[in-house]
Structure formats: structure tokens, C-alpha cells
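The values are calculated or read from the model by the stated rules, or taken from the named source; none is laboratory data. Everything numeric in this text was worked out from a predicted model, so none of it was measured. Here the Cβ positions follow ideal geometry from the backbone for every residue, glycine too, while neighbour counts run over all protein chains shown. All accessible areas refer to the heavy atoms of the entire protein, side chains included, with ligands and DNA or RNA removed. Shrake-Rupley method; radii C 1.70, N 1.55, O 1.52, S 1.80 Å.
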Amino acid sequence: MSYKIVRLSSLLSSYGEDEVLARLSSFEPARESSNDSFLTDNAIPMEKRSECRTYIAYDSDTQAIMGFFSIGFRCLEVPDVCGLSKTMLRKLNRSYEGVAQAYLLGQLSRAKGFKGFGKTLIDEAMSRIRAAQDIVGCRVVRLDCADGLVGYYEEYGFHFVKKNADKDLNQMVMIF
């Protein structure tokens, strides 16, 4: 399977917002989730405000969108009593208020018909986060996921911290 990863801002500068939005509208996620409308509703405005960077994976032959991921920065409040060991808590470099700075793997979704491509998307996202870490530091990666994805992300080295305030997502971290 041959693919290429393109940053959303590059697409916007090359093709314009209307054409990019039309292309993003063709994306069909492999599973229903709360991020189904991220590409069409949030990705472009968030890219313009520099809240995150979104990367689109295309099939090199058909130009079909195979998936996407977004990366940003978000702090995470990590209480002393959570799903992490004392050793991991120390590695988070939390402030006195219990807040850790972290890269946020904010959105990640593969398209229907590209089974197994989720791992590739995670690898691509982590590669970009590691490059950013070499430049600016920070060794914590955070993500929020539904209950059914906790085990999936644990396979990649993420650890459960706590439920979010709404109790609908699991906050997880990985430490480099």
C-alpha cells in the first residue's frame, strides 16, 4: 500500500479552501465516532488559528483519503491518584498544580477499506511528535479516546490516566 502524508496547510495554499473542503468531505471513517465531522467542521479553522496541525494520508494511486491525524499542544491535569505509577508521575514533570504539558494526538481516523492503516497513522503521528520533541522538548504525548479504544492505544504504549470531566473519554499518556 503506497501512501503520502500531506499537511492540511499545504493543501490549502495549493488548492484553496473550497476545493480542499470538497475533497475532505469525501472522507468516510472506518468507525463512527465523535471525530466524524472534524475534517469538514474543525480542521481548517483550527489550522488557520494554529491550534493544531492536521495531516491527511492519501493513497498514492487513487488519491483517496486513507485517514488523517492532528497534533497540537494541550496541558493535562494529572492528580496524584490516577492510573499511573509513582515513577510515571515523576516522569511527567508536573507543575505544583499537577499539570503536565503534553503533545496532543487530537484526532486520528482511518477510512473505510484501509484496515490496518490506523497503526501507520499512529506511527506517522509519533514520528512528527518525536521531531518536534527534538526541537522544543516535552516528553509527554496525550490522547483522549472512547472506552473501546483504550486497549488499542495501550498496545502502542499509552497509559490510562483518568476520565475527562464529561466522563465520556479516557485520557491517556505516553512518555518518551
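Among (1) of a type in the set (A, V, I, L, M); (2) surrounded by 15 or more Cβ atoms within 10 Å (Cβ to Cβ); (3) part of a loop (DSSP other than H, G, I, E, B), which single condition is ALA165 missing? Among (1) of a type in the set (A, V, I, L, M); (2) surrounded by 15 or more Cβ atoms within 10 Å (Cβ to Cβ); (3) part of a loop (DSSP other than H, G, I, E, B), the lone unmet condition for ALA165 is (2). Figure legend. Inter-residue proximity from the stretch 165-176: first residues on the phi < 0 side of the Ramachandran plot, second residues in a loop (DSSP other than H, G, I, E, B) and at pLDDT 90 or above, beta-carbon distance below 6 Å, spacing 6+ or different chains. Indicated pairs: GLN171/ASN164; MET172/PHE158; MET174/GLY157; MET174/PHE158; ILE175/ARG139; PHE176/ARG139. If you go through the stretch 54-71 and keep only what is open to solvent by 10 Å² or more (accessible area, probe 1.4 Å) and small (Gly, Ala, Ser), you end up with SER60, ALA64. Out of ASP41, ASP36, one residue alone is over 15 Å from VAL140 (Cβ atoms), at pLDDT below 90 and either open to solvent by 60 Å² or more (accessible area, probe 1.4 Å) or of a type in the set (Lys, Arg) (or both). It is ASP36. Scanning the stretch 97-133 for residues that are open to solvent by 30 Å² or more (accessible area, probe 1.4 Å) and either at pLDDT below 90 or at positive phi (or both) returns GLY113, GLY116. For GLU77, the criteria (1) open to solvent by less than 50 Å² (accessible area, probe 1.4 Å); (2) modelled with pLDDT under 95 hold in every case but one, which is (1). Give me the residue from the stretch 83-96 that is among the basic types (Lys, Arg) and closer than 13 Å to ARG139 by Cβ and, out of that set, surrounded by the most Cβ atoms within 10 Å (Cβ to Cβ). The residue in question is ARG94.
Restricting attention to the stretch 2-33 and to residues that are open to solvent by 50 Å² or more (accessible area, probe 1.4 Å) and in contact with a helix residue (DSSP H, G or I) (Cβ under 7 Å, 6 or more places away or on another chain), the residue that is farthest from PHE73 (Cα to Cα) turns out to be SER25.
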